[in-house]
1. I'd like the residue in the stretch 1-34 that is among the basic types (Lys, Arg) and part of a strand (DSSP E or B) and, out of all such residues, is surrounded by the most Cβ atoms within 10 Å (Cβ to Cβ).
2. Restricting attention to the stretch 11-22, does a residue exist that is under 19 Å from Leu72 (Cβ atoms), free of Cβ contacts under 8 Å to residues at least 60 places away in the same chain and not aromatic (Phe, Trp, Tyr)?
3. Please go through the stretch 38-74 and give me each residue that is buried (at least 16 other Cβ atoms within 10 Å of the Cβ), modelled with pLDDT under 95 and among the small types (Gly, Ala, Ser), ordered by number.
4. Answer yes or no as to whether Ser35 is within 24 Å of Met1 (Cα to Cα), modelled with pLDDT of 90 or more and among the small types (Gly, Ala, Ser).
5. In the list Arg69, Arg73, Arg3, Arg83, which residue meets the criterion of being in contact with a Phe, Trp or Tyr (Cβ under 8 Å, 6 or more places away or on another chain) and basic (Lys, Arg)?
6. So which of Ile95, Ile77 is modelled with pLDDT of 95 or more, out of contact with any helix residue (DSSP H, G or I) (no Cβ under 8 Å at 6 or more places or on another chain) and assigned to a loop (DSSP other than H, G, I, E, B)?
Amino acid sequence: MERNSKGNIVELATYKKGIEHGLQKSWHPEGDIKSEGFTNSGIACGVWKSWFPNGQISEETEFDASGNRIYLRQWNISGEITREEYFHERLAPPITPEEQ
């Protein structure tokens, strides 16, 4: 857990055996949520979200279990979608149960 000079939490990361694993979360200096997502043995997985300081969502990215992006959506500060992209990349081999 990391705090700023005002004592507000700005980052929370969970670890397993020294590697990011589980919930990863950060906050803007004013205390509003900045980003949130999960890692599995250091690899981003599932849906990650980011927000503007005003609380409006700014980005949403979904990752598969290997950390490959499935889709990306971005919004402007007014809430209008400015980018939407789907990916078909498979850059990393699937994680085997032995590696988890």
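The values are calculated or read from the model by the stated rules, or taken from the named source; none is laboratory data. Given the structure is predicted, the values throughout are model-derived calculations rather than measurements. Neighbour counts run over all protein chains shown; Cβ positions are idealised from the backbone, glycine included.
1. Taking the stretch 1-34 as the starting set, the residues that turn out to be among the basic types (Lys, Arg) are 3, 6, 16-17, 25, 34.
The next check asks that each one be part of a strand (DSSP E or B); those that pass are 3, 16, 25, 34.
Numbers: Arg3: 11, Lys16: 13, Lys25: 17, Lys34: 19.
Across the stretch 1-34, the extreme among qualifying residues is Lys34.
2. Here is the first cut: in the stretch 11-22, the residues under 19 Å from Leu72 (Cβ atoms) are none.
Within the stretch 11-22 (the criterion being under 19 Å from Leu72 (Cβ atoms), free of Cβ contacts under 8 Å to residues at least 60 places away in the same chain and not aromatic (Phe, Trp, Tyr)), the answer is no, since none of the residues qualifies.
3. Gly67, the sole residue that qualifies.
4. Working: within 24 Å of Met1 (Cα to Cα): yes; modelled with pLDDT of 90 or more: yes; among the small types (Gly, Ala, Ser): yes.
For Ser35, the condition - within 24 Å of Met1 (Cα to Cα), modelled with pLDDT of 90 or more and among the small types (Gly, Ala, Ser) - is met.
5. On the way: Arg73 fails: in contact with a Phe, Trp or Tyr (Cβ under 8 Å, 6 or more places away or on another chain); Arg3 fails: in contact with a Phe, Trp or Tyr (Cβ under 8 Å, 6 or more places away or on another chain); Arg83 fails: in contact with a Phe, Trp or Tyr (Cβ under 8 Å, 6 or more places away or on another chain).
On inspection, the qualifying residue turns out to be Arg69.
6. Working: Ile95 fails: modelled with pLDDT of 95 or more.
Just one listed residue meets the conditions, Ile77.
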